[in-house]
Structure formats: structure tokens, C-alpha cells
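Worksheet for the structure shown next.
The values are calculated or read from the model by the stated rules, or taken from the named source; none is laboratory data. Please read these numbers as outputs of a predicted model, since none were measured by experiment. Cβ placement follows ideal geometry from the backbone for every residue including glycine, while neighbour counts extend to all protein chains displayed.
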Amino acid sequence: MRGLAVLALGLALASPALAQEAGRTNFILRCAGCHAMDGSGSEPGGIPDFRNYVGAFARTDDGRRYLMHVPGVVSASLTDTEIADVMNYVMDTWGGTSLAPDHRPFTGAEVTTLRAAPVADVVAYRRKVAADLMAQGIATAGYPWP
């Protein structure tokens, strides 16, 4: 019985590290083709730069909702928990100074809720969220979509 308790404790302590590695792996497999391994995106391809900007979107409810409706997330064949792991990897890796001091990680339950909230036009919604953030003095990456 003691061995099972030790194993359970070990798994619980390793869980954040495992989630971080799973998020990194899924980012490489499913996101890096557009966003690049360094998070720089592709201006000619219409993909914004993550570096020190992406965390801005995690600051507000509308921004968090937007992140769950970007094309790669909407079409991802991942569970909501796996999407949360990817988003947390992205925030930890490229959120930088744009993250709020009291940043809260994404959870699978939050992803489920945010993905269920409809966004009719993701490009227009991103522009609205970016304008709202800018009005608060929070910069976001340029958005090269027409």
C-alpha cells in the first residue's frame, strides 16, 4: 500500500512537467509549421509573432476566448486538456513580459467552455480584442491579415 502512495505522489509531482512536455511536443507537431519553432510566425504567411506578445491575449476573457478560436486550435484533433497544455507551453515559452503578473494557466475545463462560445469571424474578433488591449496600453503583435 505504501508503494502505491509513493507512486501516486511521484506522478502528482511529475504531472506539471509531463503536461509541459506534452504541450511542447504537440506544439512541434501541430503548430510549429506556421508559428515556427521560435514562435516568430510568418508575416508573409499572415501568422503573427508570439514572442513577448501572445501573453497579452491571456490577460482578458475575450483574449482567452480568441485564442481558442484561432484556426489551428479550432481544427486541432486534440483533447481540451491537450490544447490547454499547448497553450500553457506557448505562454510559458513566449508570453514574456506580455503575461499578466497574476497569469493563470489554461485548464481543460476552461478550454471546453471557451471553445463552446461562438466566434463568427475570428479575424474581426482578433482586431476587437487587440484594440481593447491597446486601449489598456497592452501591445499585441501586428496582424498581417487583410
key: Unique residue being in contact with a Leu (Cβ under 9 Å, 6 or more places away or on another chain) and surrounded by 14 or more Cβ atoms within 10 Å (Cβ to Cβ) when the list is 49, 61, 85   = 85
ask   = Residue check, residue 23 against (1) crowded, with 20+ Cβ neighbours inside 10 Å; (2) within 20 Å of residue 144 (Cα to Cα); (3) in contact with an Asp or Glu (Cβ under 7 Å, 6 or more places away or on another chain), all met but one. Which one?
value = (2)
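Quick check on region 91-101. Is at least one of its residues touching a Pro at 6+ places or on another chain (Cβ under 6 Å), under 18 Å from residue 28 (Cα atoms) and in contact (Cβ under 8 Å) with a residue 24 or more places away in the chain?
To start, the set of residues in region 91-101 that are touching a Pro at 6+ places or on another chain (Cβ under 6 Å) comprises none.
Looking for residues that are touching a Pro at 6+ places or on another chain (Cβ under 6 Å), under 18 Å from residue 28 (Cα atoms) and in contact (Cβ under 8 Å) with a residue 24 or more places away in the chain, one finds none in region 91-101, hence no.
Suppose the filter is out of contact with any helix residue (DSSP H, G or I) (no Cβ under 6 Å at 6 or more places or on another chain), among the charged types (D, E, K, R), surrounded by fewer than 20 Cβ atoms within 10 Å (Cβ to Cβ) and modelled with pLDDT under 95; does residue 2 pass it?
Yes; evaluated as a whole, the condition is true for this residue.
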message = Among the residues in region 58-79, are any of a type in the set (Phe, Trp, Tyr) and farther than 15 Å from residue 114 by Cβ?
response = no
key: Selected residue [modelled with pLDDT of 85 or more and under 24 Å from residue 104 (Cα atoms)] from 47, 28   = 28
key: The lone exception for residue 109 - which of (1) within 25 Å of residue 21 (Cβ to Cβ); (2) surrounded by 18 or more Cβ atoms within 10 Å (Cβ to Cβ) it fails   = (2)
ask   = Of all residues in region 27-46 being in contact with an Asp or Glu (Cβ under 8 Å, 6 or more places away or on another chain) and buried (at least 18 other Cβ atoms within 10 Å of the Cβ), which is nearest to residue 126 (Cα to Cα)?
value = 41
query = Where residues in region 112-146 are in contact with a Gly (Cβ under 7 Å, 6 or more places away or on another chain) and farther than 15 Å from residue 58 by Cα, which of them is surrounded by the most Cβ atoms within 10 Å (Cβ to Cβ)?
reply = 144
remark   = Note on region 64-82: residues of a type outside the set (Gly, Ala, Ser), surrounded by fewer than 17 Cβ atoms within 10 Å (Cβ to Cβ) and either under 19 Å from residue 41 (Cβ atoms) or in contact with a strand residue (DSSP E or B) (Cβ under 6 Å, 6 or more places away or on another chain) (or both) are 71, 74
